[in-house]
């Protein structure tokens, strides 16, 4: 077995602490990666604190993983030792259901993908995530990472990036279209960058006047302050697509009314409680409210390659692993621009 | 001006009464139709009783109109005197916006289609519907009706028919797919017939065990009683498409959970109050909740032609105009299989 060292939540209330554990040895199809950086996703906090239920402890969170290939199995052709590589939210899936065959492993139906942490793999062993010094992953779920980009700022692409890239592509957002982004955080700032890069006219919706300048820097053509209903009335019925990244409770109907006929609004942030949705605004313009979950491995690779070509990365703040609880506290106050990334070099001193 | 005679609501509380009024003379592009039958839509009741606000009295309801062409304008080529013809929910639109140019006049953006009754036409005159002996309508909004079908049973196709046909076509329901129908009334029974005819495996959802036999006769392969949650658990994640025809408040999440990945649920009945929608079920399978309004004129003609070819009509109960208030009362008790149609011959005796 491979010796691993990381930080883990031992229960849902106490701070994360150092944790020594083992990962499987590299099999013929496996890639072992020495982790250099790991992004910190809001879902890490939800799972560490068992807010979604069913958490498995000790839990090593982290699913925005980048590093360098340290070892490969005999059957691995797609990468070699020394390459940069990434692992996102999934490390396996059934590979046989209709969704897996279509390359949409995130929607695996049999019974679902094996998540990178806080899950059980096919052998029944718990999966451990990227707040650690290494990971072993089947090559089918390992992404190639270009050396052209700032590696630390690539890490959040593995979740925040693909979660926004995929719906923008799925619903064909691009030239000649108006796209809106609700919320400006880890997901929202990536949605701005992608929507702008795809050629859409991009609007940031926010409750905070202070975010205007930053939203424009990140790609917004305009910023609409949603606290004033008049601002929304002016632009009713004008959007082809709105991506909603907010997981706090908020009124979805405000935004549904901004869609044109055949417009789509897609949720990537999940409010805990159901949100009231009015039927008439959907009916009168054949609008849709949808959800979208990360993206498949093929599309994640496409996104990483696109980012390398267009020089797109996340805006990040590096943190040592020892300050992860501070990072969580600041994330809960929206006090980060726009994603914390753990510098795994810090792990050596713990 | 053309002398017309019909039944009108004079206010929101009293029964409908006879009403003499005038319609415009037949212009060069107009068709005058002697109305033979008019279907009774639930929206007639809502508007008669001003439940949606803004009702215009006296109001002659009715937008499921069939009859015989009595007169045509000099520029009318598509039909001749003596032909059967129909008028649905719209009698005009701007004809210049993107939606009108695409033949989706129901979504006219400038500012919306001119509805067949309870609206103002481009001259500012109130529109009067089909509870009357005749109507004058621009040929662009007049439908051709085949003599092959029972004419009275064709009338409801103009609203209940197209309202269900259009979303089934828009979302590509057909062979190899599972389609569900929520509610078995005027709209639901047409949805069953179309979904079955298009080749889908069709499921009727109902709270009433007594509807099982009828649903099967109308096209359902299976009937699922929704009062027992176990019945729904068994079929979670298995539907490509669900059409929801119910306008009473009900739990949409029950049905959203039945959709497969990329599945669509479309509302054609509009509950008055917003319905709570959970985000996770949308996100985890990229499901969509949409709405759909009637259909464009081109598609309505396509639907009528399809019905003539496939021998599809509505299941109806004929009523004289004098019993319209009884019909309304029975509709509110769901006591009609499945659409009342007014026999306009009865108007002569009032």
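Values quoted throughout were computed directly from the atomic coordinates according to the rules given, and no laboratory measurement underlies them. Bear in mind that the values here come from a model prediction, so they are computed numbers and not experimental data. Don't worry about glycine lacking a Cβ; one is built from the backbone with ideal geometry, like all the others, and counts go over all protein chains shown.
Taking the Cα centre of each part, how many Å lie between the range A:225-291 and the range B:241-306?
16 Å
Quick one: label points 7 angstrom along Cα→Cβ at residue B:52, distances to the other copies in nm, smallest first?
4.1
What whole-number value in cubic angstrom gives the convex hull volume per residue for the C-alpha atoms of the range A:1-133?
112 Å³
Antiparallel versus total DSSP beta bridges in chain A: what percent is that, nearest 5?
The antiparallel fraction comes to roughly 55 percent.
Provide an ascending nm list, one decimal, of label-point separations from residue A:15 to the equivalent residue in each further copy; define each label point as 7 Å from Cα along Cα→Cβ.
Residue A:15 label point versus its equivalents elsewhere: 8.0 nm.
For the range A:83-151, take N as its residue count and report Rg(C-alpha) divided by 2.2 N^0.38 Å.
Against the compact-globule rule of thumb, the ratio is 1.18.
How big is the gap, in Å, between the Cα center of the range B:54-92 and the Cα center of the range B:21-36?
About 7 Å separates the Cα centre of the range B:54-92 from the one of the range B:21-36.
Quick one: plug the Kirkwood hydrodynamic radius of the range A:119-232 (C-alpha pairs) into Stokes-Einstein at 25 °C, 0.890 mPa s, and report D in µm²/s.
Rounded to a whole number, D works out at 150 µm²/s.
Give me the extension gain from residue B:325 to residue B:216: residue separation times 0.36 nm, minus the current Cα-Cα distance, reported in nm with one decimal.
Length difference between fully extended and current span is 36.2 nm.
Going by the alpha-carbon gyration tensor, a ≥ b ≥ c the square roots of its eigenvalues, is chain A rounded (a/c under 1.5) or, if a/c is not under 1.5, prolate (a/b greater than b/c) versus oblate?
The shape class here is prolate.
Partner chain Cβ atoms within 10 Å, averaged over the residues of A:266-273 - can you pull that number for me?
Going residue by residue through A:266-273 and averaging, the value is 4.
Could you state the principal axis extents of the C-alpha atoms in the range B:238-350, from the largest down, to the nearest angstrom?
Projected onto the principal axes, the Cα atoms of the range B:238-350 cover 60, 34, 22 Å.
If R₀ is 25 angstrom, what is the calculated FRET efficiency for the pair residue B:20 and residue B:49, using the beta carbon separation as r and rounding to 0.05?
0.60
So what's the projected area for the protein assembly as shown, the Cα convex hull averaged over all directions, in nm²?
32.1 nm²
For the range A:118-173, just say rounded, prolate or oblate: build the C-alpha gyration tensor, square-root its eigenvalues into a ≥ b ≥ c, call rounded for a/c under 1.5, and beyond that prolate if a/b exceeds b/c, oblate if not.
Oblate, since a/c reaches 1.5 and b/c is not below a/b.
Take chain B, connect every pair of alpha-carbon atoms lying under 10 Å apart with a spring to form a Gaussian network, then pick out the residue of B:183, B:53, B:237 with the largest mean-square fluctuation.
So, out of B:183, B:53, B:237, the one fluctuating most is B:53.
Can you bin the range A:180-238 into rounded, prolate or oblate? Criterion: square roots of the alpha carbon gyration tensor eigenvalues sorted a ≥ b ≥ c, rounded for a/c under 1.5, prolate for a/b above b/c, oblate for the rest.
Because a/c hits 1.5 or more and a/b fails to exceed b/c, the range A:180-238 counts as oblate.
Taking every eigenvalue of the Cα gyration tensor of the range A:161-291, multiplying by 5 and rooting it, what semi-axes result, largest first, whole Å?
Working through the eigenvalues yields semi-axes of 19, 16, 15 Å.
From other protein chains only, count the Cβ atoms within 10 Å of every residue's Cβ in A:254-262, then give the mean.
2
Return the percentage of antiparallel bridges among DSSP beta bridges fully within the protein assembly as shown, rounded to the nearest 5 %.
Roughly 55 percent of the beta bridges in the protein assembly as shown run antiparallel, per DSSP.
Please sort A:206-216, B:186-196 by packing, taking for each peptide the average over its residues of neighbouring beta carbons within 10 angstrom, highest first.
B:186-196, A:206-216
Describe numerically, in nm with one decimal, the distance between label points set 7 Å from Cα along Cα→Cβ at residue B:318 and at residue A:34.
Taking the simple label geometry, residue B:318 and residue A:34 are separated by 8.9 nm.
Measure out, as a whole number of angstrom, how far apart the alpha-carbon centroids of the range A:131-179 and the range B:135-192 sit.
44 Å
Nm distances between the label at residue A:309 and the same-position labels in the remaining copies, 7 Å along Cα→Cβ, shortest first?
In ascending order, 4.2 nm.
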